[in-house]
1. Consider Asn189 carefully, then state whether it is within 22 Å of Ser42 (Cβ to Cβ), assigned to a loop (DSSP other than H, G, I, E, B), modelled with pLDDT of 90 or more and out of contact with any Phe, Trp or Tyr (no Cβ under 8 Å at 6 or more places or on another chain).
2. Mind telling me which of the residues Gly120, Gly158, Gly111 ends up being buried (at least 16 other Cβ atoms within 10 Å of the Cβ) and modelled with pLDDT of 95 or more?
3. Just checking, does region 138-148 include any residue being touching a Gly at 6+ places or on another chain (Cβ under 9 Å), in a strand (DSSP E or B) and more than 24 Å from Asp44 (Cβ to Cβ)?
4. Kindly establish whether Phe80 is crowded, with 17+ Cβ neighbours inside 10 Å and more than 19 Å from Asp171 (Cβ to Cβ).
5. So is Ala86 closer than 23 Å to Gly174 by Cα and either hydrophobic (A, V, I, L, M, F, W, C) or loosely packed, with under 13 Cβ neighbours inside 10 Å (or both) or not?
6. If you scan region 89-108, which residues turn out to be outside any strand (DSSP E or B), in contact with a strand residue (DSSP E or B) (Cβ under 9 Å, 6 or more places away or on another chain) and surrounded by fewer than 16 Cβ atoms within 10 Å (Cβ to Cβ)?
7. Applying the selection to region 154-181, what residues are closer than 24 Å to Arg36 by Cα and of a type in the set (D, E, K, R)?
8. State whether one or more residues within region 33-54 are closer than 23 Å to Phe184 by Cβ, assigned to a strand (DSSP E or B) and in contact with an Asp or Glu (Cβ under 6 Å, 6 or more places away or on another chain).
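The values are calculated or read from the model by the stated rules, or taken from the named source; none is laboratory data. Here the structure is a predicted model, which is why all the values come from computation and not from measurement. Note that we place each Cβ from the backbone using ideal geometry, even for glycine, and neighbour counts take in every protein chain shown.
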Amino acid sequence: MTPRRALLGGLAGLVLAAALPVARADAVDALRSFARDVRSGSADFTQTVTAPDGVRKKQSSGRFEFSRPNRFRFAYTKPFEQLIVADGQKVWIYDADLNQASSRRIAQALGATPAALLAGGSLEQDFTLAAQPDRDGLAWVQAVPKSTDAGIRAIRVGFRAGQLAALEITDGFGQRSRLDFSNFTANPNLPAERFRFTLPPGADLLEQ
């Protein structure tokens, strides 16, 4: 599971520096508003995973949907099909090529993860938030898991005009994963069936 200036000199630089705290506070407020007001959402995504050496990269794409609390669906379509579904009780991962699925209780699988950040219900209970400098035309906020068992060093969320645009994850090994979202829709009416997983015929199931 996917990677995200210089201040002007003189008087212009002083003005910009004075304005930055307000802009950064807006990014934190945008994440808080997202967690509070956006109860469901859907978007296309492209995920780029960069190895710790900063050179090797892998890219995939698909569709993301969520409904609070703790229901989400990542449907990867390229370069291969994979489905990750949380139904509020369990998280299911299905690999179409292997025709194999695995499941875990959501309390074990979610924790302080990117999925919990986007679709969970306890933002500031699980994360410490800090505004970051604007980059790539986005306002960024960093969310550091409070749990030392999360396996994630930091998560950064990017907003464009208050709308979710990107998510960057750095894990404990230095691997970076970035998801860029497009065609985001806030609060769509998503049927409960979207977050239910039915084991395909003949598929193997590994329960943890």
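1. On the way: within 22 Å of Ser42 (Cβ to Cβ): yes; assigned to a loop (DSSP other than H, G, I, E, B): yes; modelled with pLDDT of 90 or more: yes; out of contact with any Phe, Trp or Tyr (no Cβ under 8 Å at 6 or more places or on another chain): yes.
Here the answer is yes, as Asn189 does meet what is asked.
2. Working: Gly120 fails: modelled with pLDDT of 95 or more; Gly111 fails: modelled with pLDDT of 95 or more.
Answer to the selection: Gly158.
3. yes
4. Working: crowded, with 17+ Cβ neighbours inside 10 Å: no; more than 19 Å from Asp171 (Cβ to Cβ): yes.
Here the answer is no, as Phe80 does not meet what is asked.
5. Values: closer than 23 Å to Gly174 by Cα: no; either hydrophobic (A, V, I, L, M, F, W, C) or loosely packed, with under 13 Cβ neighbours inside 10 Å (or both): yes.
No.
6. Restricting attention to region 89-108, the residues satisfying the condition of being outside any strand (DSSP E or B) are 89, 96-99, 106-108.
Now restrict to residues that are in contact with a strand residue (DSSP E or B) (Cβ under 9 Å, 6 or more places away or on another chain): 89, 96-99, 106, 108.
Scanning region 89-108 gives Gln89, Ala96, Asp97, Leu98, Asn99, Gln108.
7. Just the residues of region 154-181 that are closer than 24 Å to Arg36 by Cα, to begin with: 154-169, 178-181.
Those that are closer than 24 Å to Arg36 by Cα and of a type in the set (D, E, K, R): Arg156, Arg160, Glu168, Arg178, Asp180.
8. yes
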